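Comments concern the structure below.
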Amino acid sequence: MNYYLSIISHLHSDIIINNKNLLKISKLDNVNVCIKDNYGEPSLRKYCETNNFDFINEDKGLGFGENNNYIFSFFLKKYQTESDDIFIVINPDIEIDLNNFIKLQE
């Protein structure tokens with residue numbers, strides 16, 4: 001089972017970049033992170049490249065549902081998803097630590 005994390009930035013690059021829990025979670029073998037930048041923040045692109053996160057910087061200005069549907073479709077095209085995989089929408093200002101994420105997986 002794989003976990004696909006979707007995060008949309010509406011000028012939230014500072015919050016995302018400073019979220020150390022996200023980095024720890026992303027190191028798990030079965031976790032993929034995609035961040036969609038709705039405004040074109042250069043620091044966010046660099047952060048994603050440095051940490052091997054998928055990064056989307058197109059179709060700016062979409063709403064909450066449209067953005068997450070966009071990332072969901074991206075994951076379906078890029079990865080060999082399975083029926084038991086989990087897609088998780090995370091607001092940039094929400095943090096979950098590694099221990100609680102592992103509990104969620106269990």
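The values are calculated or read from the model by the stated rules, or taken from the named source; none is laboratory data. For clarity, every value in this text was computed on a predicted model and none was experimentally measured. Positions of Cβ are backbone-derived with ideal geometry, glycine not excepted, and every protein chain shown enters the neighbour counts. Heads up: the accessible areas ignore ligands, DNA and RNA and are worked out on the full protein's heavy atoms, side chains in. Shrake-Rupley method; radii C 1.70, N 1.55, O 1.52, S 1.80 Å.
Hey, can you tell me all the residues within segment 2-36 that are of a type in the set (D, E, K, R) and either within 23 Å of Q105 (Cβ to Cβ) or open to solvent by 10 Å² or more (accessible area, probe 1.4 Å) (or both)? Break it down into steps so the answer makes sense when it comes.
First pass over segment 2-36, keeping only residues of a type in the set (D, E, K, R): 14, 20, 24, 27, 29, 36.
D14, K20, K24, K27, D29, listed by residue number.
Within segment 22-68, which residues are more than 29 Å from D84 (Cβ to Cβ) and either hydrophobic (A, V, I, L, M, F, W, C) or touching a residue at least 12 places away in the same chain (Cβ under 8 Å) (or both)?
Within segment 22-68, D37, N38, Y39, G40, E41, S43, L44, R45, Y47, N57, K60, G61 meet the criteria.
Within segment 62-81, how many residues turn out to be over 11 Å from Y4 (Cβ atoms) and of a type outside the set (S, T, N, Q)?
7
Condition first: at pLDDT below 95 and of a type in the set (F, W, Y). Now tell me which residues in segment 62-73 satisfy that.
We begin by selecting, within segment 62-73, every residue at pLDDT below 95; these are 62-65.
Within segment 62-73, F64 is the sole residue that qualifies.
Would you tally the residues in segment 37-61 being of a type in the set (D, E, K, R), modelled with pLDDT of 95 or more, open to solvent by less than 50 Å² (accessible area, probe 1.4 Å) and over 23 Å from M1 (Cα atoms)?
If we filter segment 37-61 for residues that are of a type in the set (D, E, K, R), which is where we start, we get 37, 41, 45-46, 49, 54, 58-60.
Adding the requirement that they be modelled with pLDDT of 95 or more leaves 37, 45-46, 49, 54.
With open to solvent by less than 50 Å² (accessible area, probe 1.4 Å) added as a condition, the list becomes 37, 54.
Within this subset, residues satisfying the condition of being over 23 Å from M1 (Cα atoms) are 37.
Within segment 37-61, residues that are of a type in the set (D, E, K, R), modelled with pLDDT of 95 or more, open to solvent by less than 50 Å² (accessible area, probe 1.4 Å) and over 23 Å from M1 (Cα atoms) number 1.
I need the full set of residues from segment 62-106 which are surrounded by 11 or more Cβ atoms within 10 Å (Cβ to Cβ), within 24 Å of S13 (Cβ to Cβ) and among the charged types (D, E, K, R), in order please.
Scanning segment 62-106 gives E66, K78, E95, D97.
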